[in-house]
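Take a look at the structure below.
The values are calculated or read from the model by the stated rules, or taken from the named source; none is laboratory data. This one's a predicted model, so the numbers in the text were calculated from it and none came from an experiment. A quick note on method: Cβ atoms are made from the backbone with ideal geometry, for glycine too, and the neighbour counts reach across all protein chains shown.
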Ligand SMILES: [Zn+2]
Ligand SMILES: [Zn+2]
């Protein structure tokens, strides 16, 4: 329970930092489409719905952030998703 509180205050802190323009990485959330997805390198989470897309690509191991995330291939980075789509079309 205590850990939850610490995590929550840490993330709120990060959100404020981002909002103040020190780290302007707020994106549209792929889950709820709120413009509340914070991608700072340390934090990768939507402050509206609590979802995260952070993961490592199942194919090449690249870190997936909100910019790499592809709803059709949530386990792949944008490059691998693109390559897979190409293969599927052929
Ligand atoms: Zn969201
Ligand atoms: Zn990949």
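Report whether or not residue 66 is surrounded by 18 or more Cβ atoms within 10 Å (Cβ to Cβ), under 23 Å from residue 12 (Cβ atoms), modelled with pLDDT of 90 or more and not assigned by TED's automatic domain parsing to the domain that holds residue 12. For residue 66, the condition - surrounded by 18 or more Cβ atoms within 10 Å (Cβ to Cβ), under 23 Å from residue 12 (Cβ atoms), modelled with pLDDT of 90 or more and not assigned by TED's automatic domain parsing to the domain that holds residue 12 - is met.
The residues of region 30-48 that are within 20 Å of residue 72 (Cα to Cα) and either within 16 Å of ligand 2 (Cβ to nearest atom) or surrounded by 15 or more Cβ atoms within 10 Å (Cβ to Cβ) (or both), listed by number, are 30, 31, 37, 44, 45, 46.
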